[in-house]
Amino acid sequence: MYPANITREEAAVRARLIRSHSYQVSIDLSGLADVPGGYDSSAVFWSRSIVRFASAGGASQLNLIAERLLSATLDGVELPAEAFSDHKLAFDAPAGEHEIVVTALCRFSRTGEGLHRFVDPVDDLVYCYTQLETADARRVFACFEQPDLKATFALDVRADKGWTVLSNSPEVTPVDLGDGTGHWTFAPTPPISTYITALIAGHFHVVRDSYQGKAAEIPLSLACRQSLVPFLDTERLLTTTKYGFEVFEHHFGMAYPFADYAQVFVPEFNAGAMENAGCVTIRDEYLYRSRVTQAAYETRDNTILHELAHMWFGDLVTMTWWDDLWLNESFAEFASHFCQAEILAKTGVGDDPWATFTNARKNWAYRQDQLPSTHPVAADMVDLEAVELNFDGITYAKGASVLRQLVAFVGQDAFLAGVRAYFAQHAWGNTQLSDLLSALTEASGRDLSFFAAEWLQEAGVNTLRAEFEVDWEGRFTRFAIRQTAPEQWPTLRHHRLAIGLYDLVEGRLVRRDRVEVDIAGALTELPELVGRARGALVLPNDDALPYAKLRLD
């Protein structure tokens, strides 16, 4: 096994033994740290992690990927050099409270794993930012690298006093150390997972604003490198963000859970964006250098709302292990499109986001799900290597499509009621899919026992077609939906779908009737439609609720 890998079983064993309390992390980006033999500050940086935790007693380990371990102590006693091996720092602690202090030189990244360092070729200014999902916090500081060992996180940074430094806690004014460097000390965060901690440092340009939230005024900021300041369209970015706060705080029934909200547009980003708690990073290709389509702006708005939704689903309440990565991302996908629909209803500006979702995301899922490489939505994430292999269109697009089908099953109002109960019950904790399904079952009164087995544990896409007969007046005497499945993925599923009946009025199709029904098995008779006029078009997936291929007569 690759030595940097971490297995689900290793994480589960450690979670039974360790309860993490806090991290105090010090990072020196000035190049002035006192290190025997010196170091190249353009290649590596100095890191110290003070980890406080409780142990049930026994052997365990911290995770650290470092260029050089400088020192490590457990409760003030130096750990032997051989304790650090294969990116793990082994220790044996008796039952009780403990403190480990680890100092190391860690390497800057150029691939967006850990602390990425970029020198802008336009003006030679330096920009650093972290990207830690799924398990790259250990490239920046020693930690228990798994999402269910949450802890508070307090960061202090030494860097060029002219830099901007941001983290998960509100922005602070640095102390001038008198040697050209500044010292930033951030307040501790609430309990969060290691992968959503953040450090932003460099010559960033920052625009500040605020939003009056449900519980408090929330400081807002936008940041980008100096060479892109002319392209930072502040008004639109902040308007979208503020609408997102309004929609999510209202429908999630809970105030924004962090103290401020920064959005930082960063160079050479290896993803679209990342939901660091209170300090989101976004690829700076989203700062458009020329005229782009309306669709491009809508895509960027969707990304902004996707990351904001994660502040509740993902950061406030976090998956226990990466098995539920699909749910983390799928919920944010659903929430961002839902939020865009709410904004459209309020402002009347824009296009139907669910049409965009169907044409783009759902079609991506259909294509991915019909390739030999398809896999179940809830893949068996036995280790980090499996996570990397399954970060794809099934995880994101099919997962989001399946979640929208779940919303249709329980009804949107019941879904949101269940989500509110879920946030209230599990705030600052870790959960599994069963916790969400339990909340939705209680809120809706619907039996969801079939959902995980049919929709998450089996691959493939079903095909649906309407079968019907009409009388001489064109009224249905029989109506049914037939469901088929490909031979290699033969699962027949429960579907919630809407059947639309359309008439041709002055050359336009106009919906006359809409019936929402449940189907299951190979053939479902629907007496609800008997006696209704067929009209010009029978649309068996009106509003695109189901995840299925359709065949028209």
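Based on DSSP H runs of at least 4 residues, each adding -39500 (n - 2.57), what is the mean residue ellipticity at 222 nm of the chain after dividing by all its residues, to the nearest 500 deg cm²/dmol?
-7000 deg cm²/dmol
Quote the FRET efficiency, to the nearest 0.05, computed for residue 482 versus residue 271 with a Förster distance R0 of 30 Å and r equal to the Cβ-Cβ distance.
So the FRET efficiency works out to roughly 0.15.
What's the extension gain from residue 299 to residue 124 if we count 0.36 nm per residue and subtract their Cα-Cα distance?
59.9 nm
I want to check the label-to-label distance for residue 525 and residue 59. Put each point 7 Å from Cα in the C-beta direction and report it in nm to one decimal.
Inter-label distance under the simple model: 6.7 nm.
Over the Cα atoms of the chain, what Rg and Dmax result, in angstrom?
26.0, 94
Given +1 on the Cβ of Lys and Arg, -1 on the Cβ of Asp and Glu, and no further charges, what dipole in debye does region 337-430 carry about its Cα centre, rounded to the nearest 20?
Around 360 debye, computed over region 337-430.
On a C-alpha basis, how far is the centre of region 383-408 from the centre of region 186-241 in Å? Whole number, if you could?
Between the Cα centres of region 383-408 and region 186-241 lies a distance of 28 Å.
In straight Cα distance, which aspartates and glutamates are under 17 Å from residue 214, not counting same-chain residues fewer than 8 positions off?
246, 249, 260
Between residue 382 and residue 505, take the C-beta separation as r, use R0 = 51 Å, and let me know the FRET efficiency to the nearest 0.05.
For residue 382 and residue 505, the calculated efficiency is 0.35.
From the backbone phi of region 175-191, what are the Karplus-calculated ³J(HN,Hα) couplings (6.51 cos²θ - 1.76 cosθ + 1.60, θ = phi - 60°) in whole Hz, Gly and Pro given as x?
8, 6, 8, x, 10, x, 10, x, 10, 9, 10, 9, 5, x, 7, x, x
Explain nothing, just compute: Karplus ³J(HN,Hα) = 6.51 cos²θ - 1.76 cosθ + 1.60, θ = phi - 60°, for every residue of region 519-532 in order, whole Hz, x for Gly and Pro.
10, 7, x, 6, 9, 10, 6, 10, x, 4, 9, 4, x, 8
What are the residues whose amide H is under 5 Å from the amide H of residue 537, where those residues sit 5 or more places off or on another chain and H is modelled from the backbone?
Residues meeting the amide H criterion: 502.
So which lysines can residue 549 reach, going by Cα to Cα under 20 Å and dropping same-chain residues fewer than 8 places off?
362, 398
With charges set only on the Cβ (+1 for Lys and Arg, -1 for Asp and Glu), what does the dipole of the chain come to about its Cα centre, in debye to the nearest 20?
880
Under a point-charge model restricted to the Cβ atoms of Lys and Arg (+1) and Asp and Glu (-1), what is the dipole moment magnitude of region 51-127 relative to its Cα centre, in debye to the nearest 20?
The calculation lands at about 120 debye.
Cross-link partners among lysines for residue 150, C-alpha distance below 20 Å, same-chain residues fewer than 8 apart left out?
Reachable lysines: 88.
How large is ³J(HN,Hα), in whole Hz, for each residue of region 210-218 in order, when computed from phi with the Karplus curve 6.51 cos²θ - 1.76 cosθ + 1.60 and θ = phi - 60°, using x for Gly and Pro?
So the Karplus estimates, Gly and Pro as x, are 8, 9, 7, x, 5, 10, 6, 6, 9 Hz.
For residue 319, list long-range residues whose amide hydrogen, built 1.01 Å from N in the peptide plane, is under 5 Å from its own amide hydrogen.
When sequence neighbours closer than 5 places are left aside, the close amide H contacts are 431.
What's the longest bit of the chain with no exposed trypsin sites (Lys or Arg not before Pro), using DSSP loop states and at most 13 other Cβ atoms within 10 Å as the test?
Between the exposed loop sites, the longest stretch runs 292-553.
Pull up all non-local amide H partners of residue 210: gap of 5 or more, or a different chain, and H-to-H distance under 5 Å with H placed in the peptide plane.
Correct list: 220.
Take the Cβ-Cβ distance between residue 233 and residue 110 as r, set R0 to 30 Å, and report the resulting FRET efficiency rounded to the nearest 0.05.
0.60
How far apart, in nm, are two points set 7 Å out from the Cα along the Cα-to-Cβ line at residue 549 and at residue 52?
Spacing of the two 7 Å Cα→Cβ label points: 5.9 nm.
Between 157, 143, 122, whose Cα lies farthest towards the positive end of the dipole of region 117-165 when Lys and Arg beta carbons carry +1 and Asp and Glu beta carbons carry -1, centred on the Cα centre?
143
None of the figures in this text is laboratory data; all of them are computed from the coordinates on show. Keep in mind that what you see is a predicted model, and the values were worked out from it rather than measured. Quick reminder, even Gly has a Cβ in these numbers, built from the backbone with ideal geometry, and neighbours come from all protein chains shown.
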